[in-house]
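Engineer: First the structure, then my questions, so here it is.
Values in this text are rule-based calculations from the coordinates and carry no lab data. The structure presented is a predicted model; accordingly, all values stated were derived computationally and were not measured. Methodologically, a virtual Cβ is constructed for each residue, glycine included, from the backbone with ideal geometry; neighbour enumeration extends over all protein chains shown.
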């Protein structure tokens, strides 16, 4: 039976030697030792299946809420005019 989705699109990318080494380490653990391109296809397929099974986190201005840093006291601007002046004098 013919492959319903033949490999017809060419895709090239650059990667670090360390990243390629990680791919090669993974593929050596596979029973059939797939070629590097096939190993990358399998890993991407696994990642896409996992992403499809995991509910997406809501985005706020293009950044997921969980990825945004939580403000601390230094990040919150003072409320009153006197507090703002005092903060400016302190060099904030």
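Engineer: Going highest first, how would you order 21-29, 47-55, 7-15, 34-42 by mean Cβ packing within 10 Å?
Structural biologist: 34-42, 21-29, 47-55, 7-15
Engineer: Given the Cα-Cα distance of residue 45 and residue 30 and 0.36 nm per residue of separation, how much length would full extension add, in nm?
Structural biologist: That pair, residue 45 and residue 30, stretches by 3.9 nm at full extension.
Engineer: Using a simple spin-label model with points 7 Å from Cα along the Cα→Cβ vector, what separation in nm is obtained for residue 19 and residue 85?
Structural biologist: With each label point 7 Å from Cα toward Cβ, the separation is 5.4 nm.
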